[in-house]
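Chemist: Could you have a look at this structure, given as structure tokens, before my questions?
The values are calculated or read from the model by the stated rules, or taken from the named source; none is laboratory data. Everything numeric here is computed off the predicted structure, so don't read it as measured data. Here Cβ is always computed from backbone atoms with ideal geometry, including for glycine, and neighbour counts include all displayed protein chains. Quick note on the areas: whole protein, heavy atoms, side chains included, nothing else; ligands and nucleic acids left out. Shrake-Rupley method; radii C 1.70, N 1.55, O 1.52, S 1.80 Å.
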Protein chains: 2
Amino acid sequence: MVASLRLPSLTSLLFPATTRYPAALRRRVLCPRNRPASGFATAPSSGTAASPDTKPEVNRLRSDQAVTPRSQDFNAWYLDVIASAELADYGPVRGTMVIRPYGYAIWEAIQDYLNVKFKETGHSNMYFPQFIPYSFIEKEASHVEGFSPELALVTVGGGHELEEKLVVRPTSETIVNHMFTQWIHSYRDLPLMINQWANVTRWEMRTKPFIRTLEFLWQEGHTAHATPEEAEKEAKQMIEIYTRFAFEQTSIPVIAGRKSKLETFAGADTTYTIEAMMGDRKALQAGTSHNLGQNFSRAFGTQFQDENGERQHVWQTSWAVSTRFVGGIIMTHGDDTGLMLPPKIAPIQVVIVPIWKKDTEKTQVLSAASSVKEVLQTAGVRVKLDDTTERTAGWKFNFWEMKGVPIRIEIGPRDVSSNCVVVSRRDIPGKAGKVFGISMEPSTLVAYVKEKLDEIQSSLLEKAISFRDSNIVDVNSYEELKAAIASGKWARGPWSASDSDEQRVKEETGATIRCFPFEQTLGSKTCLMTGNPAEEVAIFAKSY
Amino acid sequence: MVASLRLPSLTSLLFPATTRYPAALRRRVLCPRNRPASGFATAPSSGTAASPDTKPEVNRLRSDQAVTPRSQDFNAWYLDVIASAELADYGPVRGTMVIRPYGYAIWEAIQDYLNVKFKETGHSNMYFPQFIPYSFIEKEASHVEGFSPELALVTVGGGHELEEKLVVRPTSETIVNHMFTQWIHSYRDLPLMINQWANVTRWEMRTKPFIRTLEFLWQEGHTAHATPEEAEKEAKQMIEIYTRFAFEQTSIPVIAGRKSKLETFAGADTTYTIEAMMGDRKALQAGTSHNLGQNFSRAFGTQFQDENGERQHVWQTSWAVSTRFVGGIIMTHGDDTGLMLPPKIAPIQVVIVPIWKKDTEKTQVLSAASSVKEVLQTAGVRVKLDDTTERTAGWKFNFWEMKGVPIRIEIGPRDVSSNCVVVSRRDIPGKAGKVFGISMEPSTLVAYVKEKLDEIQSSLLEKAISFRDSNIVDVNSYEELKAAIASGKWARGPWSASDSDEQRVKEETGATIRCFPFEQTLGSKTCLMTGNPAEEVAIFAKSY
């Protein structure tokens, strides 16, 4: 029996205004017709629904009452966290998602980091129309095969049936190439390196918030080069940027590598990927970078005159990261209590909870809490002071833990007297993560908080690395592979077998080749399936 | 006869990489089927098209050869500037636009400013799906009437005919209210204040890049409040933010005011607007803020329980600024030579053009130019060093003037010897805007450049104010109004006549009420049409 969610709906958590706790304490009911057929925990409320205008005092909940414990039902936990932490909600159209402020702020943190990296590496942002003539999609043979089952089509515009139906972009290679063909004439126009932040639409049948939705947000980079070497270098550079982003900003120890032929993007020569291990040990493809070769330039006639005056087709890449990454962050770090956010991408890094009993204490505690907030804010820390009077401190502790805020600062009357605060880490539960007597003196406090944020950031990464590594099994035979997958782990083993063997593994185990990792062990290898010599190990796993 | 465009297509102007000047010097041919039926200047090239692999030395062009002079043909000039300055291009689908890096960077500057203001005033960003069930649009009567002729409809998804056709959002009030209804329960959930940056689609028949396109980018704010007073205050606050943005960032002296009933947004009680006078004296509605009253909350049942336990419908606002603003900037400040960008939103504020004849001079000139670039960049100035060897300095002068860069710094061998540079202002043509002997000493140079940027920013605003004010005629009769409009000006006069009188003015003069400006003169007034008492003056103008 899934325990009911007792946490309320908040409107604006991130910005100054006033914080209000709506009193509707019953489990937030998602509109039933919006709920996907699969998965969403539908347990009725086990508590008494409070009427909206009462203000019950809620005692400290045990964390496992807040959301379905992760250890109990990973999928229900995931959906509960998204609802409770107000990361997203279902849109009215099946499979669509509303990204709420707290979830969107994580996406903004992702954008802020990547946008700088893209510009530093010479890319310019621009914007292509989302409506693509249907005929464009058909020009690149494997592209149309890959995408046609997932297309949304506009057939009516301004009250009239359109002569040519329009595809709502599932990705933009075709329209990008149509334009590149007009802009590129000479080798001097190359490289052409652009990016766009946009929404894309793929008519997916099985959807899951953030992970797979009908419409999602992403960035898509598109580049054109004079040589295949340059394109290859670019594709590798971008997967390297994604990899560093994952490790350094989100504490997700992705494994970067090359996709198998079967798993390569529809229209690419080579696809590089970063694969992340979620808390349920399923793999999440968290970003891809494609070396498109000349596939699209041949289909769209994108040519340039080289230094010898000869016309050649350009060599291209494309690469993307999407709002799916937010799902990856949730499923990597969250625990039974709820969300756990890496400090670098946390919308709120520090929450301050003032504690008082008597009204005489209130003034001084709130005044101290405001000063602490001011000090941290000035030092560039994203800080929230939860000074509402409608909830107990214990309730607030639970609430902000569920929201994954990395550090909580408690300030009570005795702390004020001693000019100190209590600092609790979200990633170390209970007393072990709680340190008393941290001085309120600005430079001391700021230094302490920043150090702790860094420690949490590293600690989350280390924990994720150790979880990942303890769940990858080196295998040397198909039997071992099957056993590893059956036990829920990833299997890593030498592979040089055929596409049909790969297909067979998928059918028999549910696992696919996630990638041939860039990091390979030296020495001769023997294909786990055929016994033939193999040049590389591949990683097999079930995936989202 | 329109002179040919001799300026080439550039790939990446904004970011470090290498700058290359493609040699294709002939007028960039826009794909004919992309060209809208109306307006685009179609003069053939009057120069000899150079073959793509030659590198002709082009002498300094007279500015009036670069783009169609504004004074000659405003519309052709506008489209030429967009093409030459590579702000945008036509997309493959009629009426769609590709926003190129230089144009997109202006939009990013707009976003950067507004995004901060929105957050400072308590709004959170989020994201709603773009697909809206058709039935939603029908719920608010005047809304459906206003938008149904312009809708793009998705009727096929994943290969199947959809049961309910989906509207590609023309604006999001309906879906926002659908979600607000689920999130708002109590007065404690209010105010709910959000914003989204998104693309929207309106199936327009007559399109023009940036000004009116099938798809465009915008931000749309949506708020819900407990009282009509709060909603009104919010709607006014947001038009005030837009007004300040227009004046302070873009040097556009908009006139803020209230729309007439006929011109009010479909679904609003009141629409506030900022109206800008373009270089051809047509008005551009550059931003709007709507007090929606309870129209959408009644249609969608968006209710809250107030402090007395009674259920009430929320009071709402919505407000938007779009990529249209980029068009407004072009048409406000540009001149015969091309674009002229206000420093605060210019992607490149300063361009450095090094000048040398002998190779021995080259090294020291380029080294000095690099230092100057470094110094300015470190000081936070957006600076570009144009150090390519494929073009003459004169050619570069023209090119960057056409691109509207506010300040040019020239550095030649003699400047290097005297440790000085030459600084030219884009807004003061020729020698009058050129100052010799500005010291290269970092603090002096930085202070000088920053001061000049501020001066240009103010100067553009003053010029635009004086242009605006000299083109508004105070009128007291319909005859005077007709004369003012016929002479291409705006008419301002007391108005209390009927909707049908307003309609008659439109039919007979082509002008509409742009707004009842907030700034009103005191004293009793007599309606210019009826002679009845009037409380306010209205501004009439032809508009985009």
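Yes/no matrix, rows are residues, columns are (1) at pLDDT below 95; (2) within 29 Å of residue A:294 (Cβ to Cβ); (3) among the charged types (D, E, K, R):
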| position | (1), (2), (3) |
| --- | --- |
| A:224 | no, yes, no |
| A:228 | no, yes, no |
| A:233 | no, yes, yes |
| A:241 | no, yes, no |
| A:249 | no, no, no |
| A:252 | no, no, no |
| A:258 | no, yes, yes |
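Chemist: Restricting attention to helices (runs of 4 or more DSSP H) lying wholly within region B:88-196, give those where 1 or more residues are surrounded by 23 or more Cβ atoms within 10 Å (Cβ to Cβ) and not hydrophobic (A, V, I, L, M, F, W, C). I'd like the intermediate steps shown before the answer.
Modeler: Values: elements: B:101-120, B:134-137, B:141-147, B:173-183.
Answer list for region B:88-196: B:101-120, B:141-147, B:173-183.
Chemist: Being of a type in the set (Val, Ile, Thr) and touching an Asp or Glu at 6+ places or on another chain (Cβ under 8 Å) narrows it down to one residue among B:472, B:465, B:485, B:456; which is it? It would help to see each step written out before you state the result.
Modeler: On the way: B:472 fails: touching an Asp or Glu at 6+ places or on another chain (Cβ under 8 Å); B:465 fails: touching an Asp or Glu at 6+ places or on another chain (Cβ under 8 Å); B:485 fails: touching an Asp or Glu at 6+ places or on another chain (Cβ under 8 Å).
Exactly one of B:472, B:465, B:485, B:456 is of a type in the set (Val, Ile, Thr) and touching an Asp or Glu at 6+ places or on another chain (Cβ under 8 Å), namely B:456.
Residue-by-condition table, conditions (1) free of Cβ contacts under 8 Å to residues at least 12 places away in the same chain; (2) closer than 26 Å to residue A:517 by Cα; (3) more than 14 Å from chain B (Cβ to nearest Cβ):
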| position | (1), (2), (3) |
| --- | --- |
| A:187 | no, no, no |
| A:192 | no, no, no |
| A:218 | no, yes, no |
| A:228 | no, yes, yes |
| A:235 | no, yes, yes |
| A:261 | no, yes, yes |
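Chemist: Follow-up. Give the residues of region A:368-396 that are open to solvent by 20 Å² or more (accessible area, probe 1.4 Å), in a helix (DSSP H, G or I) and in contact (Cβ under 8 Å) with a residue 12 or more places away in the chain, sorted by residue number.
Modeler: Correct list: A:370, A:371, A:373, A:375, A:393.
Chemist: Looking at (1) at the interface with chain A (Cβ under 9 Å from one of its Cβ atoms); (2) in contact with a strand residue (DSSP E or B) (Cβ under 9 Å, 6 or more places away or on another chain); (3) of a type outside the set (S, T, N, Q), which one does residue B:110 not meet, given that it meets all the others?
Modeler: Every listed condition holds for residue B:110 apart from (1).
Chemist: Against the condition more than 24 Å from residue B:265 (Cα to Cα) and either open to solvent by 60 Å² or more (accessible area, probe 1.4 Å) or modelled with pLDDT of 95 or more (or both), how does residue B:486 come out, does it pass? If you could, list the steps in order and put the result at the bottom.
Modeler: Details: more than 24 Å from residue B:265 (Cα to Cα): yes; either open to solvent by 60 Å² or more (accessible area, probe 1.4 Å) or modelled with pLDDT of 95 or more (or both): yes.
Against the criterion (more than 24 Å from residue B:265 (Cα to Cα) and either open to solvent by 60 Å² or more (accessible area, probe 1.4 Å) or modelled with pLDDT of 95 or more (or both)), residue B:486 qualifies.
Chemist: Just name the residue that is most open to solvent (accessible area, probe 1.4 Å) out of those in region A:414-433 that are assigned to a loop (DSSP other than H, G, I, E, B) and of a type outside the set (Val, Ile, Thr). Please lay out each step first, then the result.
Modeler: As a first pass, look at region A:414-433 and keep what is assigned to a loop (DSSP other than H, G, I, E, B): A:419, A:426-429.
Narrowing further to those that are of a type outside the set (Val, Ile, Thr): A:419, A:426-427, A:429.
Working: A:419: 80, A:426: 19, A:427: 21, A:429: 101 Å².
So, considering only residues that are assigned to a loop (DSSP other than H, G, I, E, B) and of a type outside the set (Val, Ile, Thr), the one most open to solvent (accessible area, probe 1.4 Å) is A:429.
Chemist: Would region A:489-504 turn up any residue that is loosely packed, with under 15 Cβ neighbours inside 10 Å and of a type in the set (Lys, Arg)?
Modeler: Among the residues of region A:489-504, at least one is loosely packed, with under 15 Cβ neighbours inside 10 Å and of a type in the set (Lys, Arg), which makes the answer yes.
Chemist: While we're on this one: When the residues of region B:60-87 are filtered to those that are outside any helix (DSSP H, G or I) and in contact with a Lys or Arg (Cβ under 7 Å, 6 or more places away or on another chain), which remaining residue is modelled with the lowest pLDDT? Reasoning before the result, please.
Modeler: Step one: filter region B:60-87 for residues outside any helix (DSSP H, G or I), giving B:60-62, B:67-73, B:85-87.
This time we only want the ones that are in contact with a Lys or Arg (Cβ under 7 Å, 6 or more places away or on another chain), so: B:61, B:85-87.
Working: B:61: 36, B:85: 97, B:86: 96, B:87: 98.
Once the filter is applied, the top-ranked residue is B:61.
Chemist: Being among the acidic types (Asp, Glu) and under 26 Å from the mean Cα position of the chain (by Cα) is the filter; apply it to region A:404-453 and report the residue that is nearest to residue A:346 (Cα to Cα). Full working, then the answer.
Modeler: Within region A:404-453, the subset among the acidic types (Asp, Glu) is A:410, A:415, A:427, A:441, A:451.
Next, from what is left, pick out any that are under 26 Å from the mean Cα position of the chain (by Cα): A:427, A:451.
On the way: A:427: 13, A:451: 16 Å.
So, considering only residues that are among the acidic types (Asp, Glu) and under 26 Å from the mean Cα position of the chain (by Cα), the one nearest to residue A:346 (Cα to Cα) is A:427.
Chemist: Given (1) open to solvent by less than 20 Å² (accessible area, probe 1.4 Å); (2) touching a Lys or Arg at 6+ places or on another chain (Cβ under 9 Å); (3) assigned to a helix (DSSP H, G or I), identify the lone condition not met by residue B:353.
Modeler: (3)
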